[in-house]
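> To start, I am sharing the structure in question, which I have written as structure tokens.
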Amino acid sequence: MLFADVVLPLPLAESFTYAVPVEMQGKIGVGFRVIVPFGRRKFYTAVVLKLHHNPPKGIEVKEIHSLTDSHPVVNEQQIRLWEWVSFYYLSPLGDVYKAALPSMMKPQDLEERYKSRTETYIRLNTGIHDVDRLTGRAKKQAGLYQALKRLFSEEGIERIPLREVAPKTGYSNTVLKGLTEKKIVIKYSEEVSRIDRQTVLLSRKAFTLNDYQKKALEEVNSCFEEKNVCLLHGVTSSGKTEIYIHLIEEQLNQGKQTLYLVPEIALTTQLTCRLQAVFGDKLGIYHSKINDNERTEIWQKMVSGSPYEIVIGVRSSLFLPFRRLGLVIVDEEHETSYKQQEPAPRYHARDTAIVLAQIYRAKTLLGSATPSIETFYNAKTGKYGFVTLEKRFEEIELPFVSLENTRELRRTKKMKTLLAPGLIEKINTALESGEQVILFRNRRGFAPMLECKLCGWTPKCSRCDVSLAYHKNSRELKCHYCNKAYKPASECPVCHEKSIEPVGMGTEKLEEEVTQLFPGIAVARMDTDTTRGKHSYQKIISDFQNRKVQILVGTQMLAKGLDFDNVGIVGIIAADGLLNHPDFRSHERGFQLMLQAAGRAGRKSRQGEVVIQTADPEQPIYRYLQANDYESFYHSQLAERKLFNYPPFKRLISVVIKHRDEQKAESGAEFFARLLKQSLGEMVLGPNKPLISRIQRYHIRHILLKLDNQLSPAKIRQFIKSVESRFRENPDFKYMGTYYDVDVMG
Ligand code: ADP
Ligand code: ZN
Ligand code: ZN
């Protein structure tokens, strides 16, 4: 008897064993899809993980219903990656499988399946020489024939899609039918791609690198001789992307594939066009706005005889079936959006990329102008290789950063709008000399906070060093980590004014004010509201690039990976709001964002200028920004992380408890936390009620663990699973919903 262990697309931790029917033996293998019965009269598409001869004990084994594939669609390396993700992120294997495969590749019962798309074409039959005789008195047929001949020679083509014949020639399909019946015209169908590719007008070779880039490239390569991971820390516009292009070429020459990971937001046409210009059809693009049919098509191409050699994609592209992966590039490695939030598996794409590369014996290059504290720490301590590029390409100077003290301006009643008078003046000068302007304003709607309108002071938790969130209903300030509640003060402890108010204004208001301040100037806004449509993001960017728009107002979406050449001024409105988020990464994020935003200024022609509006200009972070001193910033952050027990010194895991009954969720969380505290004591924070404490009729509670980072993932898993099983021994909590967020971002 032959048995198959398979994974089902359900949130289940285990694999399930089925018997392989005799007629399937010899045809089935690891990585094949099969249809299996599960539960009551339900059928699912499962993937074979293992074939063996050990009959499972004590249960009735069902048979596999049918075999979907004639070749594997998942390879062994991928299965190992799924198992690692499931193990490390404490997520059911079934959830990993679900996230990895496009949904059309795993239909249930009667669900829609993937169908390739075909197009019908017509061409002229070159073997026919007596067309005149054949058309005879059918004048229209002769006319259509001539029209097609003309069209083909004018456009230099040999065929057209059937659906274009009538609109392009003016003759009906009945006339065409006459020609096809006489075999003058041949009709045929062909499989076509669903993926629309941008037409790249200029193809080019990779640029010759300048001396700094050459040196960096050599250093990266020599790092890879000893280490599997290397950080390339290069200021914005230093030419990192060109270095990646050279590395990809080296992989191509060795017959190896490259995965180029980018955060959602950075996957712009600018970048994909640049890569397509060099790599053409060897490049596949995998992002979140492509639909499931297109995703499936890419997947099928990856397992075909001619897979993409290079894939640029967002985090889920990690799960594509690579064969000869040689290099993974993680661009903008610091981006927190690399962490999957909802649903499970809650994996970090950068960290998973490193594991993926290890499985294939490939290398990982992490690139950033503002590395995450964790990565920089790993580079500094020698775990990763480390290469820097300090000069901008063509040695254009980094922008000049100045501050506007809004506290002082408010006190002296000079702040009449959201923009400081100094900034308004600079914008006017820039506009007069034909330059463009970018203004950032971060939206913080989801986590309202209190702030002193005069001095920018915000209340913080004494234990966790994070800003407190304002819970409107209960009129309380709460720490999102330890749940300690504070009464909001009405008077500011710094300036002793009764000037404390909730904050949280968005970009819309800013756009409105800017439009009024600069009459006759074209203003556009870019944020999640204005970029919902498939092409709206591109349109805003191209309007700005083509200088149809002079002032662009937006959120952090604007800071990433865009390359404009005419921006004289970048303004950061209310920088304090970036730094006072209720999470421990707020300074890291704020610094990164401001430095990235600054990078948009004056890239090609001249030194740009950045104006930061803040009520707290003494904050040391601004000095580091002005000096472009990432290193000192890093040391200051590291000291705080150490003091308050955050990564890279501790590993954070959030335990989430949910139940429809609030009382049950509450008592379940209390009990779980008590069990954890028996061995971890102080390193267990909470349970706490998150700001959004009810999701889809479930009440949510969080418990935060700060674990020793020396503990192995296996130990951590063992510990948590044993606590969970003790938790479930209590009959009240046997079926309580729980999940984990390993390496929770904030
Ligand atoms: P980064 O990725 O570090 O922000 P880019 O690779 O985008 O930097 O380089 C910045 C600009 O300089 C781009 O417009 C790029 O085309 C140009 N550039 C970089 N390196 C070269 C080179 N070796 N030759 C010509 N142009 C280059
Ligand atoms: Zn104050
Ligand atoms: Zn706290």
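The values are calculated or read from the model by the stated rules, or taken from the named source; none is laboratory data. Every value quoted in this text rests on a predicted model; they were computed, and no experiment measured them. Cβ atoms come from the backbone with ideal geometry, glycine included; neighbour counts cover every protein chain shown. Only protein heavy atoms, including side chains, enter the accessible area calculation; ligands, DNA and RNA are left aside. Shrake-Rupley method; radii C 1.70, N 1.55, O 1.52, S 1.80 Å.
> For Lys509, list the lysines whose Cα falls under 23 Å from its own Cα; do not include residues on the same chain fewer than 8 positions away.
Lys413, Lys414, Lys416, Lys426, Lys453, Lys472, Lys539, Lys548, Lys560
> Oh, and also: Excluding Ser91 itself, calculate the net charge of residues whose Cβ lies under 15 Å from the Cβ of Ser91, where each Lys or Arg counts +1 and each Asp or Glu counts -1. Before the final figure, lay out the partial values.
Values: positive: Lys98, Arg315, Lys339, Arg346, Arg717, Lys721; negative: Glu14, Glu83, Asp95, Glu342, Asp351, Glu724, Asp741, Asp743.
Overall, the nearby charge balance is -2.
> For a quick check of understanding: with a 1.4 angstrom probe and all protein chains in place, what accessible area in square angstrom does Glu154 have, to the nearest ten?
140 Å²
> In what sequence, largest accessible area first, do His53, His635, His287 appear using a 1.4 Å probe?
Working: His53 130, His635 100, His287 50 Å².
Largest to smallest exposure gives the sequence His53, His635, His287.
> Just the number, please: percent antiparallel of the DSSP beta bridges in the chain, rounded to the nearest 5. Mind showing how you got there, number by number?
Numbers: 60 of 112 bridges.
Restricted to the chain, the bridges split so that about 55 percent are antiparallel.
> Tally up the carbon and sulfur contribution to the accessible surface of the chain as a whole percent, 1.4 Å probe, everything protein left in place. Each step should come with its number before you reach the end.
Working: 17080 of 34790 Å².
Roughly 49 percent of what the probe reaches on the chain is carbon or sulfur.
> Now a separate question. Taking K and R as +1 and D and E as -1, what net charge do the other residues with C-beta under 9 Å from the C-beta of Val48 add up to? All intermediate terms of the calculation are to be shown ahead of the outcome.
Details: positive: Arg33, Lys50; negative: Asp5.
After counting each charged neighbour, the total is +1.
> Take every Cα-Cα pair in the range 650-742 and report what % of them are more than 20 Å apart.
Pairs farther apart than 20 Å: 30 percent.
> At what distance in angstrom do the alpha carbon centres of the range 213-258 and the range 138-210 lie from each other?
Each part reduced to its Cα centre gives a spacing of 43 Å.
> Give me the aspartates and glutamates in straight-line cross-link reach of Lys187: C-alpha distance below 15 Å, same-chain residues under 8 apart excluded.
Glu119, Glu158, Glu164
> Right, next: So if we plug the beta-carbon distance of Ser462 and Ser679 into 1/(1 + (r/R0)^6) with R0 = 25 Å, what FRET efficiency do we get, rounded to 0.05?
Values: r = 25 Å, r/R0 = 1.02.
The computed FRET efficiency comes out at 0.45.
> Sort Glu242, Glu155, Glu23 by heavy-atom solvent-accessible area, probe 1.4 angstrom, most to least. Don't jump to the answer; show the numbers that get you there.
On the way: Glu242 15, Glu155 95, Glu23 125 Å².
Ranking Glu242, Glu155, Glu23 by accessible area, largest first, yields Glu23, Glu155, Glu242.
> What accessible area, in Å² to the nearest ten, does a 1.4 Å probe give for Met449?
My reading of the accessible area for Met449 is about 0 Å².
> Separate question: Quick one: of Lys57/Lys658; Lys139/Lys177; Lys27/Lys256; Lys214/Lys301, which pairs are farther than 23 Å apart, Cα to Cα?
On the way: Lys57/Lys658 34 Å; Lys139/Lys177 14 Å; Lys27/Lys256 29 Å; Lys214/Lys301 34 Å.
Among Lys57/Lys658; Lys139/Lys177; Lys27/Lys256; Lys214/Lys301, the Cα-Cα distance tops 23 Å for Lys57/Lys658; Lys27/Lys256; Lys214/Lys301.
> Suppose all protein chains stay in the model; what accessible area per residue would a 1.4 Å probe give for the chain, in Å²? Before the final figure, lay out each step's value.
Details: 34790 Å² over 746 residues.
Heavy-atom SASA per residue in the chain reads 47 Å².
> Then there's this: Rounded to the nearest angstrom and ordered from largest down, what semi-axes does the equivalent ellipsoid of the chain get from its C-alpha gyration tensor (root of 5λ)? Could you put the intermediate results ahead of the total?
Values: eigenvalues 455, 311, 128 Å².
Listed largest to smallest, the semi-axes of the chain are 48, 39, 25 Å.
> So what J values fall out for the range 575-585 if you push phi through Karplus, 6.51 cos²θ - 1.76 cosθ + 1.60 with θ = phi - 60°, rounded to Hz, Gly and Pro as x?
Values per residue, Gly and Pro as x: 4, 4, x, 6, 8, 9, 5, x, 8, 5, 8 Hz.
> With every protein chain present, what accessible area does Arg728 have (1.4 Å probe, heavy atoms only), rounded to the nearest 10 Å²?
Arg728 exposes around 60 Å² with every protein chain in place.
> Restricting to Cα atoms and excluding each atom paired with itself, what does the Kirkwood estimate give for the range 97-237 in Å? Intermediate values should be presented prior to the final figure.
On the way: mean 1/r = 0.0474 Å⁻¹.
So the Kirkwood estimate lands at 21.1 Å.
> What are the ³J(HN,Hα) values, in whole Hz, obtained from phi via the Karplus relation 6.51 cos²θ - 1.76 cosθ + 1.60 with θ = phi - 60°, for each residue of the range 59-70 in sequence order, with x given for Gly and Pro?
Per residue, the Karplus-derived 3J(HN,Hα) values read 10, 7, 8, 8, 9, 5, 7, 7, 9, 8, 10, 9 Hz.
> Antiparallel versus total DSSP beta bridges in the range 221-374: what percent is that, nearest 5? Spell out each step's value before the answer.
Numbers: 1 of 24 bridges.
If I count the DSSP bridges inside the range 221-374, around 5 percent turn out antiparallel.
> Using a cut-off of 12 Å between beta-carbons, work out the net charge of the residues near His699 (Lys and Arg +1, Asp and Glu -1, His699 not included).
Details: positive: Lys658, Arg660, Lys664, Lys689, Arg694, Arg697, Arg701; negative: Asp661, Glu662, Glu666.
In short, +4.
> Using modelled backbone amide H atoms (1.01 Å from N, in-plane), which distant-in-sequence or interchain residues come within less than 5 Å of Thr68's amide H?
Here Arg33, Val34, Ile35 satisfy the definition.
> Going Cα to Cα from Lys706, which aspartates and glutamates come in below 18 Å? Please leave out same-chain ones fewer than 8 positions away.
Glu374, Asp465, Asp583, Glu640, Glu670, Glu682, Glu724, Asp741, Asp743
> Report, by chain and number, residues whose modeled amide H sits under 5 Å from the one on Glu476, excluding near sequence neighbours (fewer than 5 apart, same chain).
It is His471, by chain and number.
> Name the residues whose placed amide hydrogens come within less than 5 Å of the amide hydrogen of Met526, ignoring near sequence neighbours (fewer than 5 apart) on the same chain.
Val553, Gly554, Thr555
> Also, quick follow-up: Go through Lys478/Lys642; Lys98/Lys289; Lys339/Lys715; Lys42/Lys689; Lys642/Lys677 and tell me which ones have a Cα-Cα distance over 29 Å in this structure.
Numbers: Lys478/Lys642 23 Å; Lys98/Lys289 18 Å; Lys339/Lys715 23 Å; Lys42/Lys689 38 Å; Lys642/Lys677 21 Å.
Those over the limit are Lys42/Lys689.
> Here's something else I'd like to know. Provide Ser91, Ser722, Ser433 ordered by accessible surface of protein heavy atoms (probe 1.4 Å), highest first.
So, going from the largest accessible area down, we get Ser433, Ser722, Ser91.
> Let me ask something else. Determine the calculated [θ] at 222 nm for the chain from helices alone, applying -39500 (n - 2.57) to every DSSP H run no shorter than 4 residues and normalising by the residue count; nearest 500 deg cm²/dmol. Before the final figure, lay out the partial values.
Values: 22 runs with 242 residues, N = 746.
So the calculated ellipticity at 222 nm is -10000 deg cm²/dmol.
> I'd like the Karplus ³J(HN,Hα) series for the range 682-688: coefficients 6.51, -1.76, 1.60, θ = phi - 60°, whole numbers in Hz, and an x wherever there's a Gly or Pro.
4, 7, 10, 10, x, x, 9
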